[in-house]
Amino acid sequence: MIRLNRVFVTDCEGPISLNDNAFEAAAHFIPDGDRFFRKVSEFDDILADEIRRPGYNAGDTLKLIVPFLIAHGVTDEKLREFSERTLRLVPGADETLKLAGRLMPSYIVSTSYRHYIEALCRHLDFPLENTRHTTLSLDVEIPNEEREALVRLREDVIEGDFEDLDEIFFHLIPGMEAGKILDGVKTVGGDGKRVALLEILSELELPPESAMYVGDSITDVEPLRELNGRGLAVSFNGNRYALREAEVAVISTDSRALTPLIDLHSRFGRDYILEFIRAYSENPERALESFRIDFRVVDEFRRVFRGDYPIITVIEEAEDLLDASMEVRKNIRGEDVGSLG
């Protein structure tokens, strides 16, 4: 029975899928696109986490690279086809989302482009209307001289320092026709994810205490911070940014590690869930037996993990968990994607 007094909200890339779609698209369509994207991503991390530039959101990398995708001939159809073809899920993600959807209203809040989220929803049979994502169109004509200039600037980005990138992205490109495309693009990352979470809660007429949010990266900092100490803020194979803001860490190669928390969250308050997590950290088997988790969830959890139980723990010191979390993160998503902010 679906319970309308609780809500489950998750990031997409990390907890649900193995991809970093924008990184992979850049690497595929842009020469040296992997180096290019990583440099822009590092620039994004500095702007969002260190400088905290007003009006800039973590994940705006996806906005900054748009003119370069267009300059290299990427269209909506090409990105849609690429997203369909390269989609990869975290093991158990389909079952985890289906369980959450049976128990309570469930949503995906993602910085990813709509093209990728549409592909994911089709694959998982997840309602697109229950997603929040970055919406834009790449079917835009730009002058040939701008296209050529952007192709040249790609190398300047790769080789540039912070000041070079600041000049390119906040002075040169805004003066181009291609830069005007970005005026209507609002990425759903950082504070955008927090706003999306609060909008969902408002639509459902629920308080933050009713929400469980799962994230793994710098784009999840704001919603995790919003729920920490109120709802349930969970890092799933999180990097240092997510671990720093979450209250609970789940470290696993399989998404079904989240299922006991999802089941408990649908029926109980955070104090009972945290009590379970502390007991689980001491003795997983005894905790699974002692707490009021649906027996079907427990049976499936045991079948999947066969005694090699995942880490589920309350975060006391984020640094103590970082190595283990990053090891699993890179193991299942790959070194390139796993190391991104």
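The values are calculated or read from the model by the stated rules, or taken from the named source; none is laboratory data. Model, not experiment: these values are computed from the prediction. Quick reminder, even Gly has a Cβ in these numbers, built from the backbone with ideal geometry, and neighbours come from all protein chains shown. The protein model used for the area step is the full one, side chains on, heavy atoms only, and it has no ligands, DNA or RNA in it. Shrake-Rupley method; radii C 1.70, N 1.55, O 1.52, S 1.80 Å.
Please find, among Pro15, Pro67, the residue that is within 17 Å of the chain's Cα centre (by Cα), open to solvent by less than 10 Å² (accessible area, probe 1.4 Å) and of a type outside the set (Lys, Arg). Walk me through how you get there before you give the answer.
Working: Pro67 fails: within 17 Å of the chain's Cα centre (by Cα).
Checking each option against the conditions leaves just Pro15.
So which pairs qualify, if the first residue must be in the range 261-275 and under 16 Å from Ala246 (Cβ atoms) and among the charged types (D, E, K, R), the second must be modelled with pLDDT of 95 or more and outside any loop (DSSP other than H, G, I, E, B), the Cβ gap must be under 7 Å, and the two must be at least 6 apart or on different chains?
Arg270/Leu232
For the range 279-291, give me each residue that is within 21 Å of Glu327 (Cβ to Cβ) and open to solvent by less than 10 Å² (accessible area, probe 1.4 Å). Explain how you work it out, then say what you get.
Pass one, the range 279-291, residues within 21 Å of Glu327 (Cβ to Cβ): 280-281, 284.
Hit for the range 279-291 is Tyr280, nothing else.
Which of the residues that make up the range 207-259 are out of contact with any Gly (no Cβ under 7 Å at 6 or more places or on another chain) and basic (Lys, Arg)?
Arg225, Arg230, Arg240, Arg244
Check Gly92, Gly190, Gly179 and return the single one that is closer than 30 Å to Ser255 by Cα, open to solvent by less than 30 Å² (accessible area, probe 1.4 Å), among the small types (Gly, Ala, Ser) and at pLDDT below 95. It would help to see each step written out before you state the result.
On the way: Gly92 fails: at pLDDT below 95; Gly179 fails: closer than 30 Å to Ser255 by Cα.
None of the other options fit; the residue is Gly190.
Can you tell me which residues in the range 108-142 are more than 25 Å from Ala58 (Cα to Cα) and modelled with pLDDT of 95 or more?
Arg122, His123, Leu124, Asp125, Phe126, Pro127
Which residues, counting only those in the range 257-278, are open to solvent by less than 30 Å² (accessible area, probe 1.4 Å), farther than 20 Å from Asn5 by Cα and of a type outside the set (Phe, Trp, Tyr)?
Kept after step one, since they are open to solvent by less than 30 Å² (accessible area, probe 1.4 Å), are these residues of the range 257-278: 257-266, 273-274, 276-277.
The next check asks that each one be farther than 20 Å from Asn5 by Cα; those that pass are 257, 276-277.
Answer for the range 257-278, where residues must be open to solvent by less than 30 Å² (accessible area, probe 1.4 Å), farther than 20 Å from Asn5 by Cα and of a type outside the set (Phe, Trp, Tyr): Ala257, Ile277.
Asn21 versus (1) surrounded by fewer than 24 Cβ atoms within 10 Å (Cβ to Cβ); (2) within 24 Å of Ile251 (Cα to Cα): which is the lone unmet condition?
Single failed check for Asn21: (1).
Name the residue, out of Lys63, Lys78, Lys39, that is basic (Lys, Arg), out of contact with any strand residue (DSSP E or B) (no Cβ under 8 Å at 6 or more places or on another chain), within 16 Å of Asp139 (Cα to Cα) and assigned to a helix (DSSP H, G or I). Explain how you work it out, then say what you get.
On the way: Lys63 fails: out of contact with any strand residue (DSSP E or B) (no Cβ under 8 Å at 6 or more places or on another chain); Lys39 fails: within 16 Å of Asp139 (Cα to Cα).
Just one listed residue meets the conditions, Lys78.
Can you pull out every residue in the range 328-341 that is surrounded by 13 or more Cβ atoms within 10 Å (Cβ to Cβ) and either in a helix (DSSP H, G or I) or of a type in the set (Asp, Glu) (or both)?
Selection gives Val328, Arg329, Lys330, Ile332, Arg333, Asp336, Val337, Gly338.
Which residue pairs have Cβ atoms under 6 Å apart, sit 6 or more places apart or on different chains, and have a first residue in the range 310-337 that is of a type in the set (S, T, N, Q) and a second that is assigned to a strand (DSSP E or B) and surrounded by 15 or more Cβ atoms within 10 Å (Cβ to Cβ)?
Filtered contacts from the range 310-337: Thr313/Ala249; Ser325/Ile251.
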